[in-house]
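The values are calculated or read from the model by the stated rules, or taken from the named source; none is laboratory data. Treat the numbers as computed from the prediction; the structure is a model and nothing was measured. Cβ coordinates were reconstructed from backbone atoms using ideal geometry, including for glycine residues, and neighbour counts include every protein chain displayed.
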Amino acid sequence: MALERPDADGLIMDRSALFVSAQPVEKKITAPDGTEISVHVREVADSDWMRYVAVSASNDPDVQGGARAFLISKGWVNADGTPAATLEESANLRTIVARQLVARIIELNAPDRERKGNA
């Protein structure tokens, strides 16, 4: 995928800021034993974000129940950017851990969601 392309005036426009970054971001969460630990999260693609939003809004509790695990499996990564957990592993996390991971992923992916009224 070419990230630079001429705009209407023939100038080269750097499009890299338009795409999700694969760069992991270090965040802190509190383990169930009270220990603060570092985790890494990354931006998720818009298609994955919208799937998370849609699944979260489902009226079917069986569908809705998988929303957090889906987002965690897409956004929680190791320091090198590789996935930190599969969907199945993400679904098996303790609630206190899953809630914090989702919060950190949302901080990175939708930091101004409430302030600007964006979905």
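List the pairs whose first member sits in region 43-65 and is in a loop (DSSP other than H, G, I, E, B), whose second member is modelled with pLDDT of 95 or more, and whose Cβ atoms are under 6 Å apart, counting only residues at least 6 apart or on separate chains?
V44/K74; V44/G75
When you go through (1) surrounded by 10 or more Cβ atoms within 10 Å (Cβ to Cβ); (2) free of Cβ contacts under 8 Å to residues at least 24 places away in the same chain; (3) aliphatic (A, V, I, L, M) one by one for A91, which number turns out not to apply?
Among (1) surrounded by 10 or more Cβ atoms within 10 Å (Cβ to Cβ); (2) free of Cβ contacts under 8 Å to residues at least 24 places away in the same chain; (3) aliphatic (A, V, I, L, M), A91 violates only (2).
A85 fails exactly one of the following numbered conditions: (1) part of a helix (DSSP H, G or I); (2) at pLDDT 95 or above. What is the number of that condition?
(1)
Among the residues that make up region 4-20, is at least one of them surrounded by fewer than 18 Cβ atoms within 10 Å (Cβ to Cβ), under 12 Å from the mean Cα position of the chain (by Cα), modelled with pLDDT under 95 and not in a helix (DSSP H, G or I)?
Among the residues of region 4-20, at least one is surrounded by fewer than 18 Cβ atoms within 10 Å (Cβ to Cβ), under 12 Å from the mean Cα position of the chain (by Cα), modelled with pLDDT under 95 and not in a helix (DSSP H, G or I), which makes the answer yes.
Scan I96, I72 and give me the residue that is in a helix (DSSP H, G or I) and under 27 Å from L18 (Cα atoms).
Answer to the selection: I72.
Report the residue count in region 48-89 for those that are in contact with a Phe, Trp or Tyr (Cβ under 7 Å, 6 or more places away or on another chain) and among the aliphatic types (A, V, I, L, M).
Within region 48-89, residues that are in contact with a Phe, Trp or Tyr (Cβ under 7 Å, 6 or more places away or on another chain) and among the aliphatic types (A, V, I, L, M) number 6.
With respect to L18, determine if the residue is over 16 Å from A110 (Cβ atoms) and not polar (S, T, N, Q).
The answer is yes for L18.
Could you check region 93-119 and list, in sequence order, the residues that are of a type in the set (G, A, S) and either on the phi < 0 side of the Ramachandran plot or at pLDDT 95 or above (or both)?
Within region 93-119, A98, A103, A110, A119 qualify.
Among the hydrophobic types (A, V, I, L, M, F, W, C) and more than 16 Å from L108 (Cβ to Cβ): does that describe A79?
no
Among (1) farther than 19 Å from A54 by Cβ; (2) among the hydrophobic types (A, V, I, L, M, F, W, C); (3) at pLDDT below 95, there is one condition A79 misses while meeting the rest; what is its number?
(3)
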